[in-house]
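Here's the structure, in structure tokens; my notes come after.
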Amino acid sequence: MKLQLSPEIIRQYSSVIIVNLSVLTTGMSLSWSSPMLVKLADPSQTQLSRPITFNEGSWIVSLGYLISTFSNVIGSFLLDKIGRKYCVLACAVPKLSMAIFLIFVTEVWMVIFARAIMLLNDCFLFCVVPVYAAEIASITQRGSLGTLLQLFSSLGVVITLSVGPFVTYRIYSYILVATVAITTIPVFFLPESPFFQFSKGKTDEALKTLTKIRGSRTQAKLELDDYEKSAEKSIKISKVELLKNKTFLKSLLLCFLLFGGSQIVGFNAVSFYLQTILISTRTNVAPEVASVIIGIIQMVGSLSVTLLTAIFERKCILIVSLTGVFIGMIGLGVFFQLCAPEFNVTGFMNYLPIISLIFVVYCYSAGIGSLIWPIGAELFEGPSRAFGTTLGLVVCQLTIFATAKYLLDMTTALGPASTYWFFSGMCVIVAILIAIFLPETKDKTFSEIQDSLGKTEKGVSSL
């Protein structure tokens, strides 16, 4: 599919790219633990009063996800109260404050506190940005624009993995502060989501915004008519009534499958402890170098998904992606099963963990890791989108918390080989459920997607 760089397409891409600049810093934040936990646990590198323990490291990684499961419910109301643009700006203030705070921490509890607040805002951004992108994008560009979130997140990961292991804790903290500040400034110049403008009764402003990003007043009016039809069906529907709606519940369960399933396959549990895992393999490849390579592979995977979504159906990409993650997790399990830490690994086995991690990282980033965001937003119609995606994100964060907090405990109890084989089994289960239940959303309007979920035309049941 050839991309025509018309003025309206350029406006759509520029708006979504700008809002995704905040996701770049989120990628830096999410991967922060990979190089920084190693430094904080090293007596010669930590700036704390003492090195951190494994248990304290797991709380540093995971607590923010647990807290955000509650705060994001409040966030769903903010999305519809102050708008998508101002939610992005609202996240920037605490992120910047905590990034500055991390420069001066001296105790473990201070790191846990700062990281929890940062992750809380990072997680909320993963709710806001897909909604904004889905409402800015036209039907033909929705898939490509939706995958930019994973691309910018991966770019942030690459920055952390490329810079973090080679500089001191304090220098990297300065880099993080500067990046958060710089990437926030362009957000002030973004247009607000036209659907949010319409929902607040600002029909003229919504029409003006739609005309700019669609390139046609006629097309803008047609989309505005869709807004009105959707609003007529859902007028005065409370959140409680939504939870009684069969079509909404079906969309919500599919969103849970995508968001929760994408985490239970173990990718984030691996990426958070990437450098720690590479050190534990005791192979001849330097962990710092290997982590940079894997970070670059993640970005390449995120770039690939834009092309893949133009050629293949999204459901097919998801299944192939999970197959690749399955192969990588099997490889990691085989390595840890056959190579005891006390032995000096040589030959092909020396590179098996890196090859397996590349499989996991590339296939995840080129598939399910990128597509859950646009598909999750597409499963809901406008009036229920913010609420539905936020609930999906709550499940996502609870799963991340569980896998991040208890990965080390699970590895200790079951052994690393069984742990990675468990994740490979989850890949199979999630792939089967997606193959059976998830409708194809490529090149479909929001109404068509709802129709494929069994939407009726009467009463509240139709949204």
In region 206-227, which residues are acidic (Asp, Glu) and either assigned to a loop (DSSP other than H, G, I, E, B) or in contact (Cβ under 8 Å) with a residue 12 or more places away in the chain (or both)?
Glu223, Asp226
List pairs: first residue in region 368-388 and closer than 13 Å to Asp80 by Cβ and touching a residue at least 12 places away in the same chain (Cβ under 8 Å), second residue among the β-branched types (Val, Ile, Thr) and not in a loop (DSSP other than H, G, I, E, B) anywhere in the structure, Cβ distance under 8 angstrom, at least six positions apart or on different chains.
Phe380/Thr389; Arg385/Val131; Ala386/Val131
Scan region 432-439 and tell me whether some residue there is closer than 19 Å to Ser62 by Cβ, touching a residue at least 60 places away in the same chain (Cβ under 8 Å) and either polar (S, T, N, Q) or assigned to a helix (DSSP H, G or I) (or both).
no
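Every residue, every condition in (1) of a type in the set (D, E, K, R); (2) open to solvent by 70 Å² or more (accessible area, probe 1.4 Å); (3) within 27 Å of the chain's Cα centre (by Cα), yes or no:
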position: Thr183; (1), (2), (3): no, no, yes
position: Phe188; (1), (2), (3): no, yes, yes
position: Gln197; (1), (2), (3): no, no, yes
position: Asp204; (1), (2), (3): yes, yes, no
position: Lys208; (1), (2), (3): yes, yes, no
position: Asp226; (1), (2), (3): yes, yes, no
position: Leu243; (1), (2), (3): no, yes, yes
position: Cys255; (1), (2), (3): no, no, yes
Would you check if there is a residue in region 93-103 being modelled with pLDDT of 90 or more and either among the basic types (Lys, Arg) or touching an Asp or Glu at 6+ places or on another chain (Cβ under 6 Å) (or both)?
yes
Take the residues in region 73-88 that are open to solvent by less than 50 Å² (accessible area, probe 1.4 Å), in contact with a Cys (Cβ under 9 Å, 6 or more places away or on another chain) and hydrophobic (A, V, I, L, M, F, W, C); name whichever of them is modelled with the highest pLDDT.
Cys87
Got at least one residue in region 372-382 being over 30 Å from Glu228 (Cβ atoms) and at pLDDT 85 or above?
no
Picking from Ile60, Ile74, Ile117, which residue would you name as being assigned to a helix (DSSP H, G or I) and either in contact with a strand residue (DSSP E or B) (Cβ under 8 Å, 6 or more places away or on another chain) or without any contact (Cβ under 8 Å) to a residue 24 or more places away in the chain (or both)?
Ile74
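The values are calculated or read from the model by the stated rules, or taken from the named source; none is laboratory data. Here the structure is a predicted model, which means the values were calculated and not measured. Glycine gets a Cβ as well: all are built from the backbone with ideal geometry, and neighbour counts include every protein chain shown. All accessible areas refer to the heavy atoms of the entire protein, side chains included, with ligands and DNA or RNA removed. Shrake-Rupley method; radii C 1.70, N 1.55, O 1.52, S 1.80 Å.
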